[in-house]
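The values are calculated or read from the model by the stated rules, or taken from the named source; none is laboratory data. Source: prediction; values computed, not measured. When we count neighbours, we look across all protein chains shown, and the Cβ atoms used for this are built from the backbone with ideal geometry, even at glycine. We work out accessible area using only protein heavy atoms, side chains counted, and drop any ligands, DNA or RNA first. Shrake-Rupley method; radii C 1.70, N 1.55, O 1.52, S 1.80 Å.
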Amino acid sequence: MTVQDTTETTPQSVVLSDTAAVKVKNLLEQEGRDDLALRIAVQPGGCSGLRYQLFFDERTLEGDTFTDFGGVKVVVDRMSVPYLSGATIDFVDTIEKQGFTIDNPNATGSCACGDSFH
């Protein structure tokens, strides 16, 4: 279940799972900064043409979409919104894999390495 406090959001904005929100909070605490947001973007690149970028950002760009998930601010730039609408960001920590995952209903395919999509 994901708790979402809407600031400026579109009806089908990206969703951050509770597990991912806790991980982001922990990472922000390690950084010692409370002015950063998790920016999720789509950039050209990778085998399939597009790749995800997740990073902490202090900037606010024109057209950014903001959503708050239990105190974690998530920002998506206006060019990435159509690619990420309805996507769910999660964090997995198993013996086989650790890291953020993106379940994106807009991706019609991905490469074998799972690093890019189209």
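Filter the stretch 73-118 for residues that are of a type in the set (Phe, Trp, Tyr) and over 18 Å from residue 45 (Cα atoms); which is modelled with the highest pLDDT? If you could, list the steps in order and put the result at the bottom.
Going residue by residue through the stretch 73-118, those that are of a type in the set (Phe, Trp, Tyr) are 83, 91, 100, 117.
Now restrict to residues that are over 18 Å from residue 45 (Cα atoms): 91, 100.
Details: 91: 94, 100: 91.
By that ranking, first place goes to 91.
Scan the strands (runs of 3 or more DSSP E) fully inside the stretch 11-99 and keep the ones with 2 or more residues being open to solvent by less than 30 Å² (accessible area, probe 1.4 Å). I'd like the intermediate steps shown before the answer.
Values: elements: 37-44, 50-57, 65-69, 72-76, 88-93.
Once the strands (runs of 3 or more DSSP E) in the stretch 11-99 are filtered for at least 2 residues that are open to solvent by less than 30 Å² (accessible area, probe 1.4 Å), what remains is 37-44, 65-69, 72-76, 88-93.
For residue 59, are the conditions met, namely being basic (Lys, Arg), farther than 14 Å from residue 102 by Cα and out of contact with any helix residue (DSSP H, G or I) (no Cβ under 9 Å at 6 or more places or on another chain)? Lay out the reasoning, then the answer.
Values: basic (Lys, Arg): yes; farther than 14 Å from residue 102 by Cα: yes; out of contact with any helix residue (DSSP H, G or I) (no Cβ under 9 Å at 6 or more places or on another chain): yes.
In short, yes.
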